[in-house]
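Enquirer: Got a structure for you, questions after.
The values are calculated or read from the model by the stated rules, or taken from the named source; none is laboratory data. Only a predicted model underlies this, so the values are computations on that prediction, with no experimental measurement involved. Here the Cβ positions follow ideal geometry from the backbone for every residue, glycine too, while neighbour counts run over all protein chains shown.
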Amino acid sequence: MTDAATPSTTPGNPASKKGSLLVTDARTKKRNNAEKRFRAYGITAISVGVIFLATLLYSIVGNGAGAFTQTFIAVDIALPEETLDPEGNRDRSEMSRVSTFGYNPLIQQALAEKIASLNIETEVPEAAFGQLLSPGAAAQVRTTVLNNPDLIGQTVRFDILASSRVDGYFKDRVSRVSLLRDSNLSPAHLDIVDELRDQGFAAKKFNLAFITGSDASESRPESAGIGVSMIGSLAMMLVVLLLSLPIGVAASIYLEEFAPKNWFTDLIEVNISNLAAVPSIVFGILGLALFIQFAQLPQSAPLVGGLVLTLMTLPTIIISTRAALKSVPPSIRDAALGVGASKNQAVFHHVLPLAMPGILTGTIIGLAQALGETAPLLLIGMVGFIASNYPDGISAAFMSPNSAMPAQIYEWAKRADPAYYERAWGGIIILLGFLMTMNIIAVILRRRFERRW
Amino acid sequence: MDDLRIIERTSNMNDIKISAKGVQVFYGDTHAIKDVDVEIADKTVTAFIGPSGCGKSTFLRCLNRMNDTIDICRVEGSIAIDGQDIYDKRVDPVQLRAKVGMVFQKPNPFPKSIYDNVAYGPKIHGLARTKADLDEIVEASLRRAALWNEVKDRLQAPGTGLSGGQQQRLCIARAVATAPEVLLMDEPCSALDPIATAQVEELIDELRQQFSVVIVTHSMQQAARVSQKTAFFHLGNLVEFNDTDQIFTNPQDPRTESYITGRIG
Ligand SMILES: Nc1ncnc2c1ncn2[C@@H]1O[C@H](COP(=O)(O)OP(=O)(O)O)[C@@H](O)[C@H]1O
Ligand SMILES: [Mg+2]
């Protein structure tokens, strides 16, 4: 009432302590600015992250995509019966007596004929034509012939892997200048290659053998593949999954639901958390001592790798499983016990299904970690092993020496030939593909199980 | 003559179901229940009232040994149901809890279908031989919990999708389905709106026909409405235990009187 008498009072600006709602006061302005600043920080942080990710993906794909294609040269090879199957009975064991040395001249001759028929003039001696092709060409032809004896006596068109220098020329890695100092191929060869390409007999194609093939020697990067080490990784993941999931989940359920809370279980809990932070190479040396030196398991075997990675994955799985179990509301346990379920029934009928999405996510993340792990494999001999043959049989897949995908990538990156550098990037694309697939599976499983309210 | 007959009849009707003697409960060093003697009659609703933290829930949870699940909890004294000591070494708490059902403060249906919620108890106790038996138990329990008409068309729908009051009645149906003899309810209406509360209270009165019901409540009006016997707890002591109308009209202990007149809360 007295307010009404004061001159400052107008309907738009009542003289209350708070002031008008239409005017932002200093405090509010400050708070709004703080919020704006924080948003700006957040957006900056995310942008930086996105830029890094984009750069990473760009360089990986840019460097590695080439590994999935390979240059092939089409050659029409005559397969005379008198050299390849002297007995003439198409018996595999007799035909296989002809070694790759028997096939080399045939390829050589076919290549020379092709070059002659295309009217290519070159100073390259005929004997050096073979340098255009992979050293594995004879083996490729021989395998095809042994598998298809009917081809003998005909002239057959083969798509033969070009040598890594020729492939490098197609991928702009090799030039005439760089070949001046190269003993594997001369610049003159490239004139032939140009001609072959122009006439459609040499081209880059998708090379499935990079994904399914085995590792090759240092001098044949064009035929190296990641397939065998993929089998090694697969065997290890199976071991990890089959051991760490049941052990980890059982340990977590016991610790979370049944174990008495005392100093001993506290100690175990602290140790599990600590184990999760132990550098993976420590698990490697533990594996070396425990599984190879003490238990006398074979070196470089995926079984040993799997055991070591299991040790490494267990803490991750236990921690995430316990978190998942903890997040199930206690009222569910009360409800189950209240209708007379035993502790065991309460856990397995009610708590565990609710914790499942968390458990599965944790397990898959643990597996993905293990899949990419290289350091512990170093100590048990899986890094540096040349995975050049597929294991024969299931038990060999676990017991005989093999490499693993990250170890294979490391091995390739170490090799001198730039063609291997490209393969290392290509291997990383495949590895990332696996990791992404696993994460997508984790997300899908999570959704699927959560739908069950 | 007449008077005597009446007394005889009431005592017959009110057979002693649960008899607790000298019960003490400790949580570690906290003495939560101090020397409580109480006798709970069959086919009667007994209400536990008292200020919050006085030990009503603690005592209730002694009656079906839910306190066993709390590591630091220690129970002394004897509690007998039908004359058998439930803290005897030979008693398996799992069997006991099938006989003494419980409804909790916050509705806690399993995250499963309405049907599975009710069927779970009978299933694990082997009360139904065939699917038809089980269907029958589920229907009867839901009917007894006055929920059947509302859910009969959606038995496979999630129990967690019901309203709060319906969820609580579902929990009552679940407790009833294992054919218990005693039903313990810990503030069953505290999370419900007045209409749902009225429905549950009506239900409790129905359930009295078959069970001995013990209900913890912080609402004295509720105790007055639903119970025949009332126990007043204060700071872990059982202060007064009597017929409900006696407690509310003629309390013997000054603490009871202060509480029901609103001076202790
Ligand atoms: N799990 C527990 N651990 C330790 N103390 C508890 C626990 N539950 C209850 N108490 C204590 O026991 C006393 C009685 O609690 P409670 O029975 O829940 O009371 P009311 O149900 O009457 O409100 C309180 O002092 C409370 O702090
Ligand atoms: Mg309580």
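Enquirer: Condition check: in a loop (DSSP other than H, G, I, E, B) and buried (at least 19 other Cβ atoms within 10 Å of the Cβ). Does A:ALA216 satisfy that?
Expert: Working: in a loop (DSSP other than H, G, I, E, B): yes; buried (at least 19 other Cβ atoms within 10 Å of the Cβ): yes.
Here the answer is yes, as A:ALA216 does meet what is asked.
Enquirer: State which residue pairs qualify: first residue more than 26 Å from B:ASP116 (Cβ to Cβ) and inside the stretch B:178-202, second residue in a helix (DSSP H, G or I) and more than 16 Å from ligand 1 (Cβ to nearest atom) in any location, beta carbons under 8 Å apart, and separation of 6 or more residues or different chains.
Expert: B:ASP193/B:GLY164; B:ASP193/B:GLY165; B:ILE195/B:GLY165; B:THR197/B:GLY165; B:GLU201/B:ARG225; B:GLU201/B:VAL226
Enquirer: Moving to a separate point now. How many residues are within 21 Å of A:ALA202 (Cα to Cα), β-branched (Val, Ile, Thr) and within 39 Å of the chain's Cα centre (by Cα) when one looks only at the stretch A:69-126?
Expert: Count: 6.
Enquirer: Then there's this: Spot the failing condition for B:ALA179; the list is (1) crowded, with 22+ Cβ neighbours inside 10 Å; (2) within 12 Å of chain A (Cβ to nearest Cβ), and only one is missed.
Expert: Among (1) crowded, with 22+ Cβ neighbours inside 10 Å; (2) within 12 Å of chain A (Cβ to nearest Cβ), the lone unmet condition for B:ALA179 is (1).
Enquirer: So, of the residues in the stretch B:90-109 that are charged (D, E, K, R) and closer than 22 Å to B:GLN210 by Cβ, which turns out to be farthest from the other protein chains (Cβ to nearest Cβ)? Explain how you work it out, then say what you get.
Expert: Step one: list which residues in the stretch B:90-109 are charged (D, E, K, R), which gives B:90, B:92, B:97, B:99, B:106.
Next, from what is left, pick out any that are closer than 22 Å to B:GLN210 by Cβ: B:97, B:99.
On the way: B:ARG97: 4, B:LYS99: 8 Å.
Selected residue: B:LYS99.
Enquirer: State which residue pairs qualify: first residue within 12 Å of A:VAL240 (Cα to Cα) and inside the stretch A:310-336, second residue of a type in the set (Ser, Thr, Tyr) in any location, beta carbons under 7 Å apart, and separation of 6 or more residues or different chains.
Expert: If the second residue must be of a type in the set (Ser, Thr, Tyr), the pairs left are A:THR310/A:SER244; A:MET312/A:SER280; A:THR313/A:SER244; A:LEU314/A:SER244; A:ILE317/A:SER244; A:ILE317/A:THR363.
Enquirer: Spot the failing condition for B:LEU96; the list is (1) modelled with pLDDT under 90; (2) within 20 Å of A:ALA346 (Cβ to Cβ), and only one is missed.
Expert: With (1) modelled with pLDDT under 90; (2) within 20 Å of A:ALA346 (Cβ to Cβ) applied to B:LEU96, the lone miss is (1).
Enquirer: Exactly one of these conditions fails for B:LYS229: (1) crowded, with 17+ Cβ neighbours inside 10 Å; (2) over 30 Å from B:ALA140 (Cα atoms); (3) charged (D, E, K, R). Give me its number.
Expert: (2)
Enquirer: A further question follows. Count, please, the residues in the stretch A:398-416 that happen to be more than 28 Å from A:PRO279 (Cβ to Cβ) and crowded, with 20+ Cβ neighbours inside 10 Å.
Expert: 0
Enquirer: Would you mention how many residues in the stretch B:123-154 are more than 22 Å from A:PRO329 (Cβ to Cβ) and within 9 Å of chain A (Cβ to nearest Cβ)?
Expert: Going through the stretch B:123-154 one residue at a time, the tally reaches 1.
Enquirer: Mind counting the residues in the stretch A:310-341 that are within 14 Å of another protein chain (Cβ to nearest Cβ) and surrounded by 21 or more Cβ atoms within 10 Å (Cβ to Cβ)?
Expert: 7
Enquirer: I need the full set of residues from the stretch B:48-57 which are away from every other protein chain (no Cβ under 14 Å) and either more than 9 Å from ligand 2 (Cβ to nearest atom) or in contact (Cβ under 8 Å) with a residue 24 or more places away in the chain (or both), in order please. Please lay out each step first, then the result.
Expert: The initial filter retains those residues of the stretch B:48-57 that are away from every other protein chain (no Cβ under 14 Å), namely B:48-56.
B:PHE48, B:ILE49, B:GLY50, B:PRO51, B:SER52, B:CYS54, B:GLY55, B:LYS56 - these are the residues of the stretch B:48-57 that are away from every other protein chain (no Cβ under 14 Å) and either more than 9 Å from ligand 2 (Cβ to nearest atom) or in contact (Cβ under 8 Å) with a residue 24 or more places away in the chain (or both).
Enquirer: On the basis of being within 19 Å of B:LEU207 (Cα to Cα), away from every other protein chain (no Cβ under 11 Å) and among the β-branched types (Val, Ile, Thr), does B:ILE81 make the cut?
Expert: Numbers: within 19 Å of B:LEU207 (Cα to Cα): yes; away from every other protein chain (no Cβ under 11 Å): yes; among the β-branched types (Val, Ile, Thr): yes.
Yes.
Enquirer: Hey, any hits in the stretch A:348-357 for a residue that's surrounded by fewer than 20 Cβ atoms within 10 Å (Cβ to Cβ), more than 20 Å from A:ARG448 (Cα to Cα) and in contact (Cβ under 8 Å) with a residue 40 or more places away in the chain?
Expert: Looking through the stretch A:348-357, none of the residues is surrounded by fewer than 20 Cβ atoms within 10 Å (Cβ to Cβ), more than 20 Å from A:ARG448 (Cα to Cα) and in contact (Cβ under 8 Å) with a residue 40 or more places away in the chain.
Enquirer: Across the stretch A:405-424, what is the number of residues that are part of a helix (DSSP H, G or I) and of a type in the set (Asp, Glu)?
Expert: From the stretch A:405-424, those part of a helix (DSSP H, G or I) are A:405-414, A:418-424; that's our starting set.
Filter again for of a type in the set (Asp, Glu), leaving A:411, A:422.
Final tally of qualifying residues: 2.
Enquirer: Among (1) farther than 24 Å from B:VAL226 by Cα; (2) out of contact with any strand residue (DSSP E or B) (no Cβ under 6 Å at 6 or more places or on another chain); (3) within 13 Å of ligand 2 (Cβ to nearest atom), there is one condition B:HIS31 misses while meeting the rest; what is its number?
Expert: The failed condition is (3).
Enquirer: Still on this structure, I have one more. Being under 28 Å from A:ASP194 (Cα atoms), assigned by TED's automatic domain parsing to the domain that holds A:ASP194 and outside any helix (DSSP H, G or I): is that true of A:ILE77 here? Can you show your working first?
Expert: On the way: under 28 Å from A:ASP194 (Cα atoms): yes; assigned by TED's automatic domain parsing to the domain that holds A:ASP194: yes; outside any helix (DSSP H, G or I): yes.
Here the answer is yes, as A:ILE77 does meet what is asked.
Enquirer: Could you look through the stretch A:417-453, keep only residues that are free of Cβ contacts under 8 Å to residues at least 60 places away in the same chain and within 14 Å of chain B (Cβ to nearest Cβ), and pick out the one that is farthest from A:SER219 (Cα to Cα)?
Expert: That would be A:TRP453.
Enquirer: Looking at A:LEU238, is it in the same structural domain as A:LEU314 (by TED's automatic domain parsing), hydrophobic (A, V, I, L, M, F, W, C) and in a helix (DSSP H, G or I)? Steps first, answer last, please.
Expert: Details: in the same structural domain as A:LEU314 (by TED's automatic domain parsing): yes; hydrophobic (A, V, I, L, M, F, W, C): yes; in a helix (DSSP H, G or I): yes.
Considered against the rule, which asks whether it is in the same structural domain as A:LEU314 (by TED's automatic domain parsing), hydrophobic (A, V, I, L, M, F, W, C) and in a helix (DSSP H, G or I), A:LEU238 comes out as yes.
Enquirer: Now for a different question. Mind counting the residues in the stretch B:49-89 that are assigned to a loop (DSSP other than H, G, I, E, B) and either more than 21 Å from B:ILE215 (Cα to Cα) or more than 9 Å from ligand 1 (Cβ to nearest atom) (or both)?
Expert: The first filter runs over the stretch B:49-89 and keeps only residues assigned to a loop (DSSP other than H, G, I, E, B), leaving B:50-55, B:63-65, B:70-72, B:82-83, B:86-89.
After this cut, where a residue has to be either more than 21 Å from B:ILE215 (Cα to Cα) or more than 9 Å from ligand 1 (Cβ to nearest atom) (or both) as well, the list is B:63-65, B:70-72, B:82-83, B:86-89.
Of the residues in that region, 12 qualify.
Enquirer: Is it fair to say A:SER252 is out of contact with any Phe, Trp or Tyr (no Cβ under 6 Å at 6 or more places or on another chain), in contact (Cβ under 8 Å) with a residue 40 or more places away in the chain and either more than 28 Å from A:GLY64 (Cα to Cα) or not small (Gly, Ala, Ser) (or both)? Break it down into steps so the answer makes sense when it comes.
Expert: On the way: out of contact with any Phe, Trp or Tyr (no Cβ under 6 Å at 6 or more places or on another chain): yes; in contact (Cβ under 8 Å) with a residue 40 or more places away in the chain: yes; either more than 28 Å from A:GLY64 (Cα to Cα) or not small (Gly, Ala, Ser) (or both): yes.
Here the answer is yes, as A:SER252 does meet what is asked.
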